[in-house]
Amino acid sequence: MTASASAAAVPRPGRTKAFLRLVMIEHSVFALPFAYIASLTAMFQWDRTIHWGRLLLVTVAMVGLRTFAMACNRIIDREIDARNPRTAGRELVTGAVTVKSAWTGALIAVVIFLGAAALLNPLCLALAPIAVVPMVVYPYGKRFTNFPHAILGLAQAMGPVGAWIAISGSWSWDAVILGLAVGVWIGGFDLIFGCQDVQADRAHGVKSVPARFGIPAALHGARASHAVTTVLLVWYALATGVGVFFWIGLVIVAVAFLYEHSIVRPHDLSRLNRAFFTVNGFIGIALFVCALLDLLVRGLTV
């Protein structure tokens, strides 16, 4: 290999930054807190000790799988993105990231995910391919169903379940309850997010609840989803015997949901980004902090 070829083979910082923008790495804040809640609760039930190495592997697995999912989403949707004014500036549309580079990043990410799963325990590795499937199916969902948000919710629901298995090495129905809460929550705020693309989606045949049934119906669906999320979180709290700090976290989540749905209305989507990014990011972090405090007060050892 020549010196020039060797230099070309080394990713340039600009390309790396563009890829991280492509996969919106900062949005890991939505899923990671709930994976941590599941992991730490499983540790509490196991031996009441935080196992930092396992927690690090859970983090690597979650970020790896999410990066793979987002890269696949952007690759599969690049032609749709090019026709939508809101998404026409995305990296695969503008050429800031090539399709080849995106696939390379996606493959590296999924290998990292599988490697972390293998290091955790045999059950994690055995179930890991199942977690990959909805990540690839979701981008195609908007081509064949009006409810792609449900596929996204299913994909996200696997996070807490996988994180719990990563620690315990066994199945947990408590983790399933938490996973369902996360899936319904994310599916609900994806309904809100989809409202801004109704015109473009209808023009280009992209399927979604807002495009098919209208923005008011989508917002009603989001409210119902978040009401169900609250019920599921209460169920999880009762099932795992949480303490006062977790219940305080649930009150904060409920208030945040009320605020989120008060600032987005069918004929006023001007504060949609605040509802989608700020409020939902706050929900995950706030509940995690309260859950962590609760576990520490009840005897979880650092």
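We did not get these values from a lab; they are worked out from the coordinates using the rules stated. The structure presented is a predicted model; accordingly, all values stated were derived computationally and were not measured. A quick note on method: Cβ atoms are made from the backbone with ideal geometry, for glycine too, and the neighbour counts reach across all protein chains shown.
Things worth noting here:
- Around the Cα centre of the stretch 15-297, unit charges on the Cβ atoms of Lys, Arg, Asp and Glu (plus for the first two, minus for the last two) sum to a dipole of about 740 debye.
- Filtered chymotrypsin sites (Phe, Trp or Tyr not before Pro), the stretch 231-302: DSSP coil and at most 15 other beta carbons within 10 Å: none
- A simple count of charges around residue 208, restricted to other residues whose Cβ falls under 14 Å of its Cβ and scoring Lys, Arg +1 and Asp, Glu -1, yields +2.
- Shape summary of the stretch 144-302, radius of gyration then Dmax from alpha carbon positions: 16.9, 56 Å.
- Histogrammed with a bin width of 20 Å, the alpha carbon distances of the chain distribute as 33, 56, 11, 0 percent, first bin at zero.
- Rough spin-label spacing in nm, given labels placed 7 Å along Cα→Cβ, for residue 258 and residue 88: 4.2
- Each of 182, 101, 259 was scored by the projection of its Cα onto the charge dipole of the chain, and the greatest displacement toward the positive side belongs to 101; charges sit on the C-beta of Lys, Arg, Asp and Glu.
- Partners of residue 142 within straight-line reach, counting lysines whose Cα lies under 23 Å from its Cα and excluding those fewer than 8 residues away in the same chain: 207.
- Report summary: the helix-based calculation at 222 nm, which adds -39500 (n - 2.57) for every DSSP H run with n ≥ 4 and divides by the residues of the chain, gives -25000 deg cm²/dmol.
- Axial C-alpha extent at least 18 Å, average Kyte-Doolittle at least 1.0 - helices from the chain (DSSP): 32-46, 52-76, 99-120, 122-144, 148-168, 173-194, 215-240, 244-263, 280-297
- Under 19 Å from the Cα of residue 100 - lysines, other chains or at least 8 residues apart: 17
- Considering only 155, 76, 141, and ranking their Cα positions along the charge dipole of the chain that arises from unit charges at the beta-carbon of Lys, Arg, Asp and Glu, the one farthest toward the positive end is 76.
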